[in-house]
1. Between Ser34 and Thr74, what is the FRET efficiency for a Förster distance of 30 Å, r being their Cβ-Cβ separation, to the nearest 0.05?
2. Share of Cα-Cα pairs in segment 25-81 beyond 18 Å, in percent?
Amino acid sequence: MTANESRIPHLIQVDTTFELHYSIADLSVQWRLSRETVRQLVKDDPAVVKVRGGRRKAMTRYSIPASAASRIHTRLLNPGQ
């Protein structure tokens, strides 16, 4: 166990490599939200893969694992919890 892991015991690392991944556009259609709203919801999630295609933020592609998408969507449905 590293020093970081002992300070933050509630974080569990899960391998999402071979899991289904969604794009912002996929989730915006499924959730019936704008792409910008979905981007704001997923941008700070630690499981979301961000691929920068250039120096500008506009060139960032997001790959959202199914487990992260499910967690974010559940949080949307239960905002008080």
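1. Working: r = 20 Å, r/R0 = 0.66.
It comes out at approximately 0.90.
2. Details: 514 of 1596 pairs.
Across segment 25-81, Cα pairs with separations above 18 Å total 32 percent.
Here, each number is a calculation from the coordinates, and none is a lab measurement. Note that the structure is predicted; figures quoted are calculated from it, not measured. Cβ sites come from the backbone with ideal geometry, for glycine too, and all protein chains shown count toward neighbours.
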